[in-house]
Every structure is written in C-alpha cells, then in structure tokens.
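The values are calculated or read from the model by the stated rules, or taken from the named source; none is laboratory data. In this text the structure is predicted, and so the values were computed from the model without any measurement. Glycine gets a Cβ as well: all are built from the backbone with ideal geometry, and neighbour counts include every protein chain shown. Just so you know, the surface numbers come from the protein's heavy atoms only, side chains and all, with ligands and any DNA or RNA stripped out. Shrake-Rupley method; radii C 1.70, N 1.55, O 1.52, S 1.80 Å.
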Amino acid sequence: SHPPSLNRRSGHRPPPYSTMHTFLFRLNALATFAISTLAALCAVAAFTDVFHASNPVVNVSLARVERLHPVPSSGNDEAFLAFKISADLSSLFSWNTKQLFVWLDASYETPRNVENHVSLWDRIITSREEAVLSLPYVRNKYKLVDQGNYLRNRALNLTMHWNVMPSTGALWHGSKTFSGFRLPKRYTNDRN
C-alpha cells in the first residue's frame, strides 16, 4: 500500500485510517442503526393494525333520573342520572393494543346552545377481560349541569365513545349513539 499523500496546503499527512473510527464514532453508528431498525419495526407493527377487524357490541339505556333540580347558587339545571351499560369491547383489542379509554356522554339541544355535549362517565380498560361490561345501574360520575334552566322535558342522546390506544401507531376512535331518551317535565328529587 502507498503512504498517505501530503496535504498540499499544510504539508501534513492525514491521520491513519484506523484512527478515524473512534469508539464514539462506532457507538454513534450503532445507535443510529438501532434506532432506525426500531422505528421500522414500530411502523410495521402499526401497519398490522390496519388488518385487525373489530365488532364492538354496545347497549346503553337510561335506567333512571334520580334528581333534576335547579342549582340554588347559579339557577342552572342539574341532573343526576343512572344508566344501564352492557358492552363487549374485547374485539377492539389486538396484540398491539395497550388500553381503551371509554366514556359516555349526553348530547342535547337548548334555545341557548344548539349543541351540548356533557361527559357523564368514563373508564380505562387495560385487558380483554375488563372489556366486557355489565353494569345494570351506574350513576353519572360527572355532573350534568346545563347553562341555564333548559333540562326539563329535554330530549337526550347517550353516546358511548372509545379511544383505542395502541402500543405503537395512531390512536383511533369509535362510538355508538342511543337516542329516544327524555328528561322529566318537572323537577324531581327522587333518591330512593
């Protein structure tokens, strides 16, 4: 082999080839390769979820209106509701699913606001076994308070939503709406 040639400007020879690949250079190359490989594997794993077919079965009904009354301090209507929730969300789980976030919301229209959505209940589900819900009487976890006193005799839709949170890849959402519910015409304070 020929000796390295002189640099014409400085007159110095470049360092031997073996000193160009220091420990840090090799560590950087290894880390770059490992991260690139991991990113490619994550992309492939996320892509496999495209082929996962799910068929969640959900049924929600209004079991009872426990109370409907005006809040003395604000004059806004407040309702305490109970629901019957029956759902089998286990088909939403694939090998890439980390957890589900499930919530129930109420939607209704008033003269003041054309569209109202209020979250009433939620749950985090971390396994297929937990994804089968049979809740014959569950109270709203979060208050249903209207902006005004428009809840009496109001038509109400209940919607069960779910976010599927994968270990890798994009989060996706689904929902099912149940309509035909109506709040009482008069204020009630039935806690029995």
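Points worth noting:
- Residue in the range 51-70 that is nearest to the chain's Cα centre (by Cα), counting only those that are in a loop (DSSP other than H, G, I, E, B) and modelled with pLDDT of 90 or more: 56
- Residue in the range 22-44 that is hydroxyl-bearing (Ser, Thr, Tyr) and at pLDDT below 85 present: yes
- Residue ID - most open to solvent (accessible area, probe 1.4 Å), chosen from residues in the range 112-144 that are in contact (Cβ under 8 Å) with a residue 12 or more places away in the chain and farther than 22 Å from residue 102 by Cβ: 112
- Complete set of residues in the range 104-146 that are under 30 Å from residue 47 (Cα atoms), of a type in the set (A, V, I, L, M, F, W, C) and assigned to a strand (DSSP E or B): 104, 124, 125, 132, 133
- Among the residues of the range 65-124, those that are among the acidic types (Asp, Glu) and in contact with a His (Cβ under 7 Å, 6 or more places away or on another chain) comprise 78, 105.
- Residues within the range 78-128 that are under 21 Å from residue 183 (Cα atoms) and hydroxyl-bearing (Ser, Thr, Tyr), tallied: 4
- Taking the range 164-192 as the range and being open to solvent by less than 40 Å² (accessible area, probe 1.4 Å) and over 23 Å from residue 61 (Cβ atoms) as the test, the residues that pass are 164, 166, 168.
- For the range 86-103, the count of residues that are under 21 Å from residue 54 (Cβ atoms), assigned to a loop (DSSP other than H, G, I, E, B), modelled with pLDDT of 95 or more and of a type in the set (Val, Ile, Thr) is zero.
- The set of residues in the range 48-98 being of a type in the set (Val, Ile, Thr) and either in contact with a helix residue (DSSP H, G or I) (Cβ under 6 Å, 6 or more places away or on another chain) or open to solvent by 50 Å² or more (accessible area, probe 1.4 Å) (or both) consists of 48, 50, 57.
- Number of the exception - residue 106 against (1) closer than 16 Å to residue 152 by Cβ; (2) over 20 Å from the mean Cα position of the chain (by Cα): (2)
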